[in-house]
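A short write-up of the structure that comes next.
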Amino acid sequence: MILTEIFKKALDGGYAIGQFNVSNLEQIRAICEVAKALQSPLILGTSEGERKFIGLKQITAIAKVWQEETGLPIIVNADHSRSFETAKTAYDAGYTGIHFDGSEFPYEENLKITKRVVEYVKSKNPDVIVEGELGRVRGSSEVHNEAIVLRESDFTDPDLAMQFIKESGVDSLAISYGNIHGVFGVSHSPRVTLGELHGEEVPKDGPWKTEKLDIERLKDIREKAGAFLVLHGGSGISAIDVKESIKNGIVKVNINTELRVAYVNTLREFLNKSEETTPYKIWPAVIEAVKKVVEEKMRLFGSINKI
């Protein structure tokens, strides 16, 4: 099953597919085992840094093995490709989803490169989905120690999104409507969001500082866009906002930071308490911690039993 069909089923069924970013075998195992147990569609994502570490051909080969093992349609997406060359290299290595992120470029440059990526990929295989990005999703996949200010210019313009999709030919679009990459711990400064810039109070409770998503903007984009919409920076967003986003057209939610935090915190805790040196005796606890996050997200997105 190709990704456009998976997205169409999700949109019609009122649920979303999780993209879970990975950089090693333990993460892949955890995610694939949960997806099999819950019978959930699955997207494995790798950023430029992640795929440089694990290897492009290696990740596609590993995903193929897990697809055979689980019987699931596993999509491998080249997350945040920053140039035509890195997008092309990922496609040539066997990726079944390509995300070109030109959001830091001026609009015309973003459109030009995105269109070039679409034309290259579709000329090779029309079934491979191409995701564009319009609007600035700030932050990075880590725990932030300082506030992040979102400016009005960062947010995706609904009319421009409609034009961008029509002219570029992308299948899906990552948008900015109050979301950021990464999370904030309770002891850290809250992110400054559109709501706070408008004088509203930002909630300060909970283990993660949560953004206020501009759902009305999302509704407007969905009405005008005519493409599948993607939520980047899904880590740390409240369950209520995630569900409201899915209700209003989001079909893919990207998760990375929460997986990293679960992985690293569990590994640190284990090594602080144990003198174990055998890797296969260390990793089970880490894998279980990652599994817990993945299961929680798949249930939240409503993607279980959708194979």
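Which one is nearest to residue 243 (Cα to Cα) among residues in region 254-288 that are among the hydrophobic types (A, V, I, L, M, F, W, C) and in contact (Cβ under 8 Å) with a residue 40 or more places away in the chain?
255
Here's a check for you: in region 1-44, which residue that is within 13 Å of residue 260 (Cα to Cα) and of a type in the set (Gly, Ala, Ser) is surrounded by the most Cβ atoms within 10 Å (Cβ to Cβ)?
30
Looking only at region 94-125, which residues are among the β-branched types (Val, Ile, Thr), closer than 24 Å to residue 5 by Cβ and over 19 Å from the mean Cα position of the chain (by Cα)?
117, 118, 121
Given the conditions (1) modelled with pLDDT of 70 or more; (2) over 29 Å from residue 262 (Cα atoms); (3) not hydrophobic (A, V, I, L, M, F, W, C), report the number of the one that residue 199 does not fulfil.
All conditions are met except number (1).
Which members of region 45-58 meet the condition of being farther than 21 Å from residue 125 by Cβ, buried (at least 17 other Cβ atoms within 10 Å of the Cβ) and of a type in the set (Gly, Ala, Ser)?
Within region 45-58, just 47 meets the criteria.
Based on this model, can you work out whether residue 281 counts as in a helix (DSSP H, G or I), in contact with a Pro (Cβ under 9 Å, 6 or more places away or on another chain) and not β-branched (Val, Ile, Thr)?
No, not satisfied.
Is it the case that some residue within region 265-281 is under 16 Å from residue 233 (Cα atoms) and buried (at least 17 other Cβ atoms within 10 Å of the Cβ)?
no
Can we say residue 60 is polar (S, T, N, Q), under 28 Å from residue 295 (Cβ atoms) and in contact with a Gly (Cβ under 6 Å, 6 or more places away or on another chain)?
yes
Please specify each residue of region 77-124 satisfying the condition of being among the acidic types (Asp, Glu), surrounded by fewer than 15 Cβ atoms within 10 Å (Cβ to Cβ) and in contact with a helix residue (DSSP H, G or I) (Cβ under 9 Å, 6 or more places away or on another chain).
92, 104, listed by residue number.
Tell me, yes or no, whether region 130-141 has at least one residue that is closer than 22 Å to residue 239 by Cα, among the hydrophobic types (A, V, I, L, M, F, W, C) and modelled with pLDDT of 50 or more.
yes
Please verify whether residue 31 is under 19 Å from the mean Cα position of the chain (by Cα) and at pLDDT 95 or above, treating the condition exactly as stated.
Yes: the conditions hold for residue 31.
Can you name the condition, by its number, that residue 305 falls short on among (1) assigned to a loop (DSSP other than H, G, I, E, B); (2) surrounded by 23 or more Cβ atoms within 10 Å (Cβ to Cβ); (3) not acidic (Asp, Glu)?
Among (1) assigned to a loop (DSSP other than H, G, I, E, B); (2) surrounded by 23 or more Cβ atoms within 10 Å (Cβ to Cβ); (3) not acidic (Asp, Glu), residue 305 violates only (2).
For region 72-98, give me each residue that is of a type in the set (Gly, Ala, Ser) and touching a residue at least 40 places away in the same chain (Cβ under 8 Å).
Within region 72-98, 97 is the sole residue that qualifies.
The values are calculated or read from the model by the stated rules, or taken from the named source; none is laboratory data. Because the structure is predicted, anything quoted here is derived from the model rather than measured. Please note: Cβ atoms are built from the backbone with ideal geometry, for glycine as well, and neighbour counts cover all protein chains shown.
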